[in-house]
Amino acid sequence: MRLILLGPPGAGKGTQAQRLVATHGLVQLSTGDMLRAAVNAGTPVGLRAKELMARGELVPDDVVVAIVSDRIDEPDARKGFILDGFPRTVPQAHALDRMLREKGLKLDAVIELKVDEGILLDRIERRVAETKARGEQLRADDDPQVLHRRLLAYRDQTAPLATYYQLQNVLRSVDGMAPIPEVSRAIDRMLKARSGERAPAASPPAEKAPGNVKKSAKTSVVVPAGKAAKDKPAARPPAGAKNAVAGAKKAGAAPKAQPKTKAKAKTSKTKAKTKTKTKAGKSAGRTASSRKSNRPRRLTKRH
């Protein structure tokens, strides 16, 4: 888990960072602490930063980013880290994004603690009065005028980071004026919601559709079980049989065999014709014989 805490001075970033370290086992990375550690370790980046600071110059962004890069490569930061005090400007945020991309990393969330500057100034003045009343020494930041200058610098340089990270959809805002436990619970809820957004949703198991299912290349239509047989279209004849029928019609195929009754009628007609011919023959024979008998007999002499 890689986080950035945003908020003006006095918003409670340090308190919430310590709680996240204890709860999630993260490493709090403060720019000032990392610079001092790099200088003390004598690293190449630390030596360069030491020379700049010795001349009273501000450490440039590329040096700060290089120090952050070396620090998050250490084993204790592999589980996650919280950046405190960095980035302070949009150009530093661009440089941080490039460095994380080169390492194959990205930020999980940027948590903004939103506060009322007027209330912050009132708190400082009250705290100063209480500290003086107890006879204790004031801290360096327990000064309303110093706080006012720091608030102006935050508004001009760091506040635009909220818009920058909002466009990346990683900004989450919390009411920093709420009591510390409530702010902590709100941050925990946001981190859980953020981890839920990154987790892919499990696809539900496919349900069996009732009845018969007709599938096509584009859509699937569910047919109720009761209508399946009723709405089923008649089976088409095979293409070969259809062509054979058409060919027979074109060629004038012979009609089907006549039933047996027609054959019997045909036979009876044949017999009737035969009888008629026979009778006609007999009558013709009789007529011929009668003609012979009616002829006059020729008389012949007897010798």
Check A93, A77 and return the single one that is hydrophobic (A, V, I, L, M, F, W, C) and under 27 Å from P160 (Cα atoms). A93
Just the residues that are outside any strand (DSSP E or B) and surrounded by 15 or more Cβ atoms within 10 Å (Cβ to Cβ), please, taken from the stretch 100-122. L100, L107, D108, V115, E117, L120, L121
Hey, among D62, D73, D84, D108, which residue is modelled with pLDDT of 85 or more and in contact with a Gly (Cβ under 9 Å, 6 or more places away or on another chain)? D108
Which one of D61, D76 is surrounded by 15 or more Cβ atoms within 10 Å (Cβ to Cβ) and either in contact with a helix residue (DSSP H, G or I) (Cβ under 6 Å, 6 or more places away or on another chain) or in contact (Cβ under 8 Å) with a residue 24 or more places away in the chain (or both)? D61
Quick check on this structure: which one of P204, P144, P181 is modelled with pLDDT under 85 and either open to solvent by 70 Å² or more (accessible area, probe 1.4 Å) or farther than 21 Å from G10 by Cβ (or both)? P204
Does R126 qualify as being basic (K, R) and crowded, with 16+ Cβ neighbours inside 10 Å? no
In this structure, is G10 closer than 29 Å to I124 by Cβ and more than 39 Å from the chain's Cα centre (by Cα)? yes
If you check every pair at least six apart or on different chains, which have Cβ atoms under 8 Å apart with a residue in the stretch 124-136 that is touching a residue at least 24 places away in the same chain (Cβ under 8 Å) and under 16 Å from P9 (Cβ atoms) first and a residue that is surrounded by 14 or more Cβ atoms within 10 Å (Cβ to Cβ) and of a type in the set (G, A, S) second? I124/G10
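The values are calculated or read from the model by the stated rules, or taken from the named source; none is laboratory data. Computed from a predicted structure; not experimentally measured. Note that each Cβ is placed from the backbone with ideal geometry, even for glycine, and that neighbours are counted across all protein chains shown. For accessibility, only protein heavy atoms count, side chains too; no ligands or nucleic acids. Shrake-Rupley method; radii C 1.70, N 1.55, O 1.52, S 1.80 Å.
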